[in-house]
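Reading through the structure tokens given below for one structure.
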Amino acid sequence: MKPVAFETVRAASLAEASRLLREAGGGAKLVAGGQSLGPMLNLRLARPRLLIDVAGIAELTVAVDAADQVVLGSCVTTAAVEDGRAGDAIPMLAEVAGHVAYRAVRNRGTVGGSLCHADPAADWPTALAALGADVIISDGRTERSVPVAGFATGAFETALAPGEILVRIRVPVPSHSAAWGWVKLTRKAGEFALANAAVLVDHERGICRIAIGALRGPPLVVGDARGLFGGGPVGAGALDRVALNRLLGAHGGDGGTERALHVTALARAADRAAAVRSRT
Amino acid sequence: MSATGVGASVARTEDDRFLRGRGQYVADWRVPGTREVAFVRSPVAHARLRAVRAPEDCAGTVFTAADLRGVKPVRAITSIKGFKLSSEPILATGKLRFVGEVVAACVAATRAEAEDLAERVELDYEELPAVTDMLAARRPDAPLVHEEWGDNVFIETVEDRGMTEAVLAAPLKITREIRTARQCMFPMEGRGALAFRDDRLRCLTLVSATQMPHIVQLGVADCLGLPDSAVRVISPDVGGGFGYKGLLCREEVVLGWLAQTLGHPVRWLEDCREHLGANANCREHHYVVTGFADRDGRLLGIDCVAHVDAGAYSVYPTSAALEASMVASLIPGPYDFRAYRCRSAAVATNKCPILPYRGVGRTGVCLAIEAVMDGIAREIGVEPYEVRLRNLVRPEQMPYDNVMGRHFDGGDYPEAVRRAVAAIGVEAIRARQTRGESDGRLIGVGLAVFCEQGAHGTTVLASWGRPVVPGYEQAIARLTVDGDLEIRVGTHSHGQGHETTFAQVAHEVLGVPFARIRVMQGDTLYTPFSTATWGSRSMVMGGGAVAEACRILGERIKAIGAWLMQADPADATVGDGCVRTASASVSFAEVARAWYLQPQHLPPDVDTGGLEVTAGYRAKRDSGTFSYAAHAVCVAVDPETGLVEILDYVVLEDGGVLVNPMIVDGQVRGGTVQGIGTGLFEAVSFDAQGQPLASTLVDYLLPGAGDVPEIRVLHMETPSPNTTFGAKGIGEGGAIGPPAALVSAVNDALRPLGVELQGVPLGPERILAAVAAARASTSA
Ligand SMILES: Cc1cc2nc3c(=O)[nH]c(=O)nc-3n(C[C@H](O)[C@H](O)[C@H](O)COP(=O)(O)OP(=O)(O)OC[C@H]3O[C@@H](n4cnc5c(N)ncnc54)[C@H](O)[C@@H]3O)c2cc1C
């Protein structure tokens, strides 16, 4: 399959990208790494008249590691995170990055592109929601922020309004004593997840948060998950599987064996959190 | 042994261009003025097609069945009695019978523009209920794929050999029901063709990614009403076939017609979406198989009902009958028993026509019979390999004619099992199982043993009713003016390395330096007619023909060489690129110079056929060669995720004398990976309307490097008594054993949970569902 004919332009700045997007009035699509949009174009599921390439905009490719938060420009590649060139202050990020797709895809695919594509099976939405990240969105004039946990509004649907661009992602750095676990179940290396789950336990900040992805829609995020572990230390043994099943059901997930996979993923993430510290 | 002769692991000649990106595939051919073709394909599985409407501004660029006046449909006629003929129109007319069936061809300057056109073609159809399941297709109320048949059965065959009341009353009766999924073959290179008129040769030239150039030549000529000689087929480098390119494609006929009609070159390259969406065309079988055995697990007989989902049409040249007939004749496997009954049917459904994929019927057959063997082992409480040892044909019985009259040409089947069992370390695995795994996974070991009939001869294939039956494979050997050797063969390498192995054969016979032998193939203009490369036949038959042509050429060279030395030919020998007597020698180059440039020096009674010979291969028996193998695998199964990891894989293979052991190992490994795909990953399911549910590689999982362990290939060598050099066909075995071995291993692992799975692929859903069901039944 070949795409329908389209024009393409490399935007030099965020302002230019915003202007082009506005002027095109719905006929344009932003392209970052092209790893999700490319297939959509080839399958003719996406039929834009204009592609606005934002991957070269300096503002969108910078990453800043500060003491309390990591800021990733939306066009930072998954490979940059895997290699520790971005987000190095939060070890879980590199762990997540290393299991997204294949290296060739990670070299081009971006963290922001993944969030905006909002594929239910993607890894970044689950992982960043568990870390309590938020995204900064610009309409070319003003900026607003949205928590990653609420950014995807459905399968392949986000809180982005027409003309808006995701500029950067802010991830709070967990405290030294925090523990985390990330589990991605796949049939083979490099595939999309059958189930993915993250657990963050940060006692100093009073955080016990979980996220479960690869559901039908956006990830299930439980901001205070202490109850799921009976109020005690997290771990597979302590997990209240019945309660989690109920939550997943209410979230609109699948039943049967698929549900069991999500529960297993979370149980294992909890076990890893019990074993892995965020900084050593 | 010469360093480049038979038995040497010579590096592949063709790899130099492949590895440097200089291969010449269809897509690499450039002919000025070429326009691209995109096909409009059926969006539905079953419908009455009322009209195909091209936009009005598209005259001369969109072509439908109405345009193809006089073009004949594809008809694969078989000699089997009772076979119902299907007539496959080149572009759909009257009815649509499967999703992806070609309906119209659109021609434009680029593929993207051709696809723009295709989008605008409207199909007016009335959808009909689809037949998507081969068993449901047999019900009296099933919709009919071909109304004129009255049912949906291409052919049903019945074998009944030696079944007695005593066998039916045997103390052990093990029945298994097994289903295999529909798969895509997925060669790296898809299909593709480029067609143009050659006014100088007065022919239509079709450059096509095919395994069988002469068959395509015949087929295209027949459909277009041209003499065979007016069609030239060039099959350049082909990036994998596995059976996927072993047919006459409708697309090839359309391209031929377009080139003839429009007068400019046209090209079509299949893309991944077309491959997945229109061509999930192999492997789908269903078996209910019962083994009858005594209390020691000695097999007394087999009773089987087998179905092959053959899809909507019978493909040329293999036909829809082939696979079901093979199944019936191959179920007995490598085992020694004398009572056999089998009913096998090829059933028409609203899916793409089935094609024989590497291993063909044997992959499913092996799974079915090995499941029975495992069942017997469970029943009598012995190691599964022990049951195999008790039932395999023993070396002292060789050569052995089995219950179906298959003539096993030699080997030690039990020893293959013993070596595979030792190599995988069954005892150590049993000890490990009792210890348990710290990560909660369950370990299992599985085994599959089979024999692989290859290089099937004329009588075998005639009995399977193939519309095109191969005969005496031929080769042309020619000494050039400078004493180099040119070999031309009608077989076609699509990854097997024939440029290397046929040169090794020629070198073995004549001693011409390996580097000075050129093997040419893949062009009907200059190669001998052949049904080409399929069925693990090329080395035995093509290689046999090369050897014979070289031997005769050697005689002619010897006669000239001896004359040049003033010697008696009876005192001369040929080898090392020279003709020798006890005291003198002349090089082939000197002989060639005499023949081509200085004929005044030739003997007066010289054979004026000169230094070019066409000769054919005649097997001592044409019942085929029988390679055999034992596959052993150790897996870890996670009962909480249903994920299977292969920890170790051993193949013990006896392919007779191996012309190039390195290439054979590559064949075995590649095939094994495909078999792992069948066993664990690959399936295209169809919804109730007959829509294939995999449209990208996200939905269709192929095994990748990370999913395959180092496959350990071990060898035994029992030369075939019937072939040149004792070679046997071994191209397919790798793909036969893995599903059976994997099912056996996964069941071994899950045995403590009371789970026994049948059928493939063993994806996590299937495993989890079985584990959940077993838990529910034990807690109930
Ligand atoms: C073979 C393969 C395997 C994969 N496996 C995985 C996997 O295991 N896990 C996983 O998580 N992902 C996987 N992916 C997806 C991959 O991570 C993508 O790269 C990612 O989802 C999209 O990032 P991108 O930069 O390529 O976005 P693009 O494809 O360029 O864009 C995706 C969408 O986001 C929009 N967009 C991009 N940037 C912005 C922005 N700044 N503001 C607003 N909208 C924007 C685009 O308009 C488009 O609609 C896989 C992809 C492939 C091809």
### Task
Filter region A:146-164 down to residues that are of a type in the set (Gly, Ala, Ser) and part of a loop (DSSP other than H, G, I, E, B) and give me whichever is farthest from the ligand (Cβ to nearest atom).
A:Ala155
### Query
Got a number for residues in region B:673-696 being more than 14 Å from every other protein chain (Cβ to nearest Cβ) and either under 23 Å from B:Val644 (Cβ atoms) or touching a strand residue (DSSP E or B) at 6+ places or on another chain (Cβ under 9 Å) (or both)?
9
### Message
Being surrounded by fewer than 20 Cβ atoms within 10 Å (Cβ to Cβ) and farther than 24 Å from B:Cys352 by Cα: is that true of B:Gly297 here?
### Response
no
### Query
Which residues, taken from region B:91-116, are farther than 21 Å from B:Asn281 by Cβ and surrounded by fewer than 21 Cβ atoms within 10 Å (Cβ to Cβ)?
B:Thr93, B:Gly94, B:Ala108, B:Ala109, B:Thr110, B:Arg111, B:Ala112, B:Glu113, B:Asp116
### Task
From the list A:Val171, A:Val201, A:Val183, A:Val167, pick out the single residue that is in a strand (DSSP E or B), surrounded by 16 or more Cβ atoms within 10 Å (Cβ to Cβ) and within 14 Å of chain B (Cβ to nearest Cβ).
A:Val183
#### Entry: Residue check, B:Thr157 within 14 Å of another protein chain (Cβ to nearest Cβ) and among the hydroxyl-bearing types (Ser, Thr, Tyr)
no
### Message
Just to verify a result, which residue in region A:186-198, among those that are in a strand (DSSP E or B) and over 22 Å from A:Ala86 (Cβ atoms), is nearest to the ligand (Cβ to nearest atom)?
### Response
A:Ala195
### Query
Going through region B:18-41 one residue at a time, which ones are without any contact (Cβ under 8 Å) to a residue 24 or more places away in the chain and either surrounded by 19 or more Cβ atoms within 10 Å (Cβ to Cβ) or outside any loop (DSSP other than H, G, I, E, B) (or both)?
B:Leu19
### Query
Among the residues of region B:600-618, is there at least one that is more than 36 Å from the chain's Cα centre (by Cα) and assigned to a helix (DSSP H, G or I)?
yes
### Query
If you go through region A:127-145 one residue at a time, do you hit one that is in a strand (DSSP E or B), of a type in the set (A, V, I, L, M, F, W, C), within 9 Å of the ligand (Cβ to nearest atom) and surrounded by fewer than 24 Cβ atoms within 10 Å (Cβ to Cβ)?
yes
### Message
Which count do you get for residues in region B:697-717 that are within 15 Å of the ligand (Cβ to nearest atom) and touching a Leu at 6+ places or on another chain (Cβ under 7 Å)?
### Response
2
#### Entry: Residues that are in contact with an Asp or Glu (Cβ under 9 Å, 6 or more places away or on another chain), more than 11 Å from A:Arg108 (Cβ to Cβ) and more than 12 Å from chain B (Cβ to nearest Cβ), drawn from region A:29-43
A:Leu30
### Task
Please specify each residue of region A:111-126 satisfying the condition of being away from chain B (no Cβ under 14 Å) and either under 14 Å from A:Val81 (Cβ atoms) or near the ligand (Cβ under 7 Å from one of its atoms) (or both).
A:Val111, A:Gly112, A:Gly113, A:Ser114, A:Leu115, A:Cys116, A:Asp123, A:Trp124
### Task
Need at least 2 residues that are free of Cβ contacts under 8 Å to residues at least 60 places away in the same chain and surrounded by fewer than 17 Cβ atoms within 10 Å (Cβ to Cβ) per element, so show me which helices (runs of 4 or more DSSP H) inside region A:37-110 make the cut, counting only ones lying wholly within it.
A:37-42, A:103-108
#### Entry: Single match in A:Arg22, A:Arg108, A:Arg85, A:Arg103 (criterion: more than 27 Å from A:Leu128 (Cα to Cα) and either away from the ligand (no atom under 13 Å from the Cβ) or assigned by TED's automatic domain parsing to the domain that holds A:Thr142 (or both))
A:Arg22
### Query
Filtering region B:149-180 down to residues that are buried (at least 21 other Cβ atoms within 10 Å of the Cβ) and in a loop (DSSP other than H, G, I, E, B), which residue is farthest from the chain's Cα centre (by Cα)?
B:Asn152
## Note on the structure
Turns out the helices (runs of 4 or more DSSP H) fully within region B:353-457 with at least 2 residues that are surrounded by 23 or more Cβ atoms within 10 Å (Cβ to Cβ) and in contact (Cβ under 8 Å) with a residue 12 or more places away in the chain are B:361-380, B:384-391, B:413-424
#### Entry: For B:Gly655: the one exception among (1) over 30 Å from B:Ala416 (Cα atoms); (2) in contact with a helix residue (DSSP H, G or I) (Cβ under 8 Å, 6 or more places away or on another chain)
(1)
### Summary
For region B:99-129 the number of residues that are in contact with a Cys (Cβ under 7 Å, 6 or more places away or on another chain), under 19 Å from B:Leu276 (Cα atoms) and within 12 Å of chain A (Cβ to nearest Cβ) is 1
### Message
Kindly evaluate A:Met1 against the criterion of being surrounded by 15 or more Cβ atoms within 10 Å (Cβ to Cβ) and more than 9 Å from the ligand (Cβ to nearest atom).
### Response
yes
### Task
Would you mind stating whether A:Asp254 is out of contact with any Pro (no Cβ under 8 Å at 6 or more places or on another chain) and within 14 Å of chain B (Cβ to nearest Cβ)?
yes
### Query
Where residues in region B:636-672 are away from chain A (no Cβ under 14 Å) and of a type in the set (Val, Ile, Thr), which of them is farthest from B:Asn402 (Cα to Cα)?
B:Ile663
### Query
Looking at this structure, is A:Val96 within 12 Å of the ligand (Cβ to nearest atom), under 29 Å from A:Ala15 (Cβ atoms) and of a type outside the set (D, E, K, R)?
no
### Message
Please count how many residues of region B:335-384 are charged (D, E, K, R) and more than 26 Å from the chain's Cα centre (by Cα).
### Response
7
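The values are calculated or read from the model by the stated rules, or taken from the named source; none is laboratory data. Worth saying up front: this structure is predicted, and the values here are computed from it rather than measured. Methodologically, a virtual Cβ is constructed for each residue, glycine included, from the backbone with ideal geometry; neighbour enumeration extends over all protein chains shown.
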